[in-house]
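Participant: Pasting a structure below so you can have a look.
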Amino acid sequence: MLKTVIFDFDGVITDSEILHLRAFNRVLAQYDIEIKTKDYYKDYLGLTDVDCFQLVAHKGRLGLDGLEIENLVKQKNQVFQELAKTEGRIIEGVRDFLEMLEQNNVPTAICSGAVLAEIALILEEARLRSFFAVIVSAEQVKKGKPDPEGPLLTLQKLNRIVSPAEAGIQNPILPNQCIVIEDSHWGLEAAKAAGMHTIAVTNSYDADQLAMAEKIIEHLSELSIDDLQKLCA
């Protein structure tokens, strides 16, 4: 039985992956390093900012310590927010899909490798914040995707706030009553490891790269509430 839908953010709700890449590259320019677009989608997309900078440091043999990487993350976040204010956009069909879930009393959440300030900015600009009962961002987990910590923490938080009539202590939402919507194999791996159902949307990768998902779609508008219920049956 379907009890909740958990969304990735970048590449599922907002078309902002290219903005993240541009923000990373502005910060990395001080080291004369540039992440190529094909490399970003192959190796970096889906990782937290900390993990991205750690991977860049490893590949470039920069020898950055934790404090230096933390500073780079702050710089990147500032650049991203500047870009998002003018160039961020919500993917077509997201609002209608969220309204459909709301009308059917299905609570929703976000589990993302982005930082909370970035997520909140775009949601507020688009007036979508009220749809989400829970937001789990990069700062709240020790291990990013593909580790299942994020999806499991999201479910834990949902179970704390969903009304007792829907999911009390005696009847919590179980992993197999959750659908996770992702655009990368990192996110799909995390959801599957958490025991949740998976839908992949081909906003960032082709369908053949998302084959582990139970259902693959091009647009959220392809999904009905019956489709979601069947996936959890």
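Participant: Helix-only mean residue ellipticity at 222 nm, the chain, DSSP H runs n ≥ 4 weighted -39,500 (n - 2.57), per residue, nearest 500. What is it?
Facilitator: So the helix-based figure for the chain works out to -13000 deg cm²/dmol.
Participant: State the Kirkwood hydrodynamic radius of region 17-87 in Å, one decimal place, computed from all pairs of distinct Cα atoms.
Facilitator: 12.2
Participant: Taking Cα atoms, how many degrees apart are the long axis of helix 49-60 and the longest axis of the chain, rounded to 10 and kept between 0 and 90?
Facilitator: Approximately 40 degrees, to the nearest 10.
Participant: If packing is taken as the mean number of other Cβ atoms within 10 Å per residue, what is the order of 25-32, 203-210, highest first?
Facilitator: 203-210, 25-32
Participant: Students often forget the sequence filter, so: which lysines lie under 21 Å Cα-Cα from Lys76 once same-chain residues fewer than 8 apart are removed?
Facilitator: List returned: Lys36, Lys38, Lys42, Lys59, Lys85, Lys142, Lys143, Lys145.
Participant: Taking the highest mean first, how do the peptides 112-125, 81-94 order by number of other beta carbon atoms within 10 angstrom per residue?
Facilitator: Per-residue mean Cβ counts within 10 Å order the peptides as 112-125, 81-94.
Participant: Angle between the Cα long axis of helix 149-161 and the longest principal axis of the chain, 0 to 90 degrees, nearest 10?
Facilitator: 50
Participant: What do you get for trypsin sites (Lys or Arg not before Pro) in region 123-157 restricted to DSSP loop and a cutoff of at most 12 other Cβ within 10 Å of the site's Cβ?
Facilitator: In loop regions of region 123-157 (DSSP not H, G, I, E or B), the sparsely surrounded trypsin sites (Lys or Arg not before Pro) are Arg127, Lys142, Lys143.
Participant: Take each of the peptides 35-41, 195-201, 146-152, average the number of other beta-carbon atoms within 10 Å over its residues, and list them starting from the highest.
Facilitator: Descending mean neighbour count gives 195-201, 146-152, 35-41.
Participant: Angle check, please: helix 66-87 long axis (alpha carbons) against the longest principal axis of the chain (alpha carbons), in degrees 0 to 90, nearest 10.
Facilitator: On a 0 to 90 degree scale, this one is about 70.
Participant: Right, another one. Could you give the alpha-carbon Rg of region 53-114 over 2.2 N^0.38 Å, rounded to two decimals?
Facilitator: For region 53-114, the normalised Cα radius of gyration is 1.70.
Participant: Any idea what the relative contact order of the chain is, in percent, if you count C-alpha pairs under 8 Å spaced at least 6 apart?
Facilitator: With pairs under 8 Å counted, the relative contact order is 26 percent.
Participant: Still on this structure, please answer the following. Around Ala117, under 15 Å between beta carbons, what's the net of Lys plus Arg minus Asp minus Glu among the other residues?
Facilitator: -4
Laboratory data are not the source of any read-out in this text; all were calculated from the coordinates shown. Everything numeric in this text was worked out from a predicted model, so none of it was measured. Glycine gets a Cβ as well: all are built from the backbone with ideal geometry, and neighbour counts include every protein chain shown.
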